[in-house]
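Right, one structure below, let's go through it.
Taken together, the values in this text are just the output of simple stated rules run on the coordinates, not laboratory data. No experiment lies behind these values; they were computed from the predicted model shown. Cβ: placed from backbone, ideal geometry, glycine included. Neighbour counts: every protein chain shown.
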Amino acid sequence: MTKFDINTKYSLPSGYEIPVLGYGVYQTPADQAEEVTSYALKLGYRHVDSAVAYRNEEPSAAALKKSGIPRNELFFTSKVPPKQISYEGAKDAIKGTFERTGLEYIDLYLLHAPYGGKEGRLGAWRALVEAQQEGKIRSIGVSNYGVHHLQELEDYIKSVEAKEGKGKGGVISVGQYELHPWLTRPLLVEWCKARGIILEAYAPITRGTRFEDPALQKLAKKFNKSPAQILLRWSLQKGFVPLPKSVTHKRIEENADIFDFELSRDDLDSLTTNEYSPCCWDPTTSQD
Ligand SMILES: NC(=O)c1ccc[n+]([C@@H]2O[C@H](COP(=O)([O-])OP(=O)(O)OC[C@H]3O[C@@H](n4cnc5c(N)ncnc54)[C@H](OP(=O)(O)O)[C@@H]3O)[C@@H](O)[C@H]2O)c1
């Protein structure tokens, strides 16, 4: 039986912990972000997923700082923008995040996408490792990396370790991907799980595009839960950290009310498909 509550955390390869439910703020307008993030924190969310590209790091972090919740109970993520995947680009992104947020440290910093070519990707990773070694960032990881990008990074990390010692090349703590029953990415998931890398699920409710699916509707009726709640529970029970986004109070509440029921193995299987149907962009397939 998989027991979770909103305070459940997973251990990351970095040694830090990550709350099992995140609150996404992609497309949350900057002038709304502080209010809705504050509301989410009041409900018990402790983990906010932002990015430089979302243009709302400042108001999201303001909500964390004004919440009165001890900093070590909060978890804030940002990301190096897709167009800045290089050593200098990543250094600039990290500097900007600190200037905008005023946070003393960032819990998780990700490379947003595997762009910039091999040199850019490895340079950007090196910038994350340096910021981590300086104590500015606690955990680092990647988003939208295909297995070939992950393998390239792992080979690089091993080559640094061979020369400089264990941990010197950095440790991949998180992989953030679009994941839901219509995009289960078995090879990527297996690659990450084999290494203890925590998988975060973005677009975990498919941006609402699959709510009419018959298998989903059946489970929603069975458990008297909404389609969004069933999809979030599927994500949790697959071992992912779902990052639902909403600017609507009722939905922010609904998306956190997923800890009082449990899908059976058959329920999970009835929802899972072999489709490969992203509802967002899909840089994992990039060959650059
Ligand atoms: N790394 C990446 O490349 C990447 C890409 C995409 C997303 N992400 C992250 O993942 C987070 C979530 O992904 P996402 O925002 O694309 O998609 P999502 O969370 O699957 O869906 C968000 C959409 O669903 C609506 N919604 C939320 N809760 C609902 C509910 N209970 N019932 C009905 N509709 C509901 C929201 O509307 P309202 O807001 O109007 O309520 C919004 O339009 C993002 O915010 C971001 O943090 C990362």
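Structure values in brief
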read-out: Considering residues of the range 19-34 that are surrounded by 15 or more Cβ atoms within 10 Å (Cβ to Cβ) and assigned to a helix (DSSP H, G or I) only, the residue nearest to the ligand (Cβ to nearest atom); value: A33
read-out: Matching residues, the range 207-230, being more than 10 Å from the ligand (Cβ to nearest atom) and of a type in the set (G, A, S); value: A215, A220
read-out: Unmet criterion (only one of (1) surrounded by 21 or more Cβ atoms within 10 Å (Cβ to Cβ); (2) over 30 Å from E130 (Cα atoms)) for T209; value: (1)
read-out: Helices (runs of 4 or more DSSP H) wholly inside the range 172-288 that include at least 1 residues being in contact with a Gly (Cβ under 8 Å, 6 or more places away or on another chain) and among the small types (G, A, S); value: 227-237, 249-256
read-out: Residue within the range 135-149 that is surrounded by fewer than 16 Cβ atoms within 10 Å (Cβ to Cβ), touching an Asp or Glu at 6+ places or on another chain (Cβ under 7 Å) and either in contact (Cβ under 8 Å) with a residue 60 or more places away in the chain or over 23 Å from A201 (Cβ atoms) (or both) present; value: no
read-out: Criterion: assigned to a loop (DSSP other than H, G, I, E, B), free of Cβ contacts under 8 Å to residues at least 12 places away in the same chain and either within 18 Å of F240 (Cβ to Cβ) or over 16 Å from the mean Cα position of the chain (by Cα) (or both) - qualifying residue of K166, K158, K95; value: K166
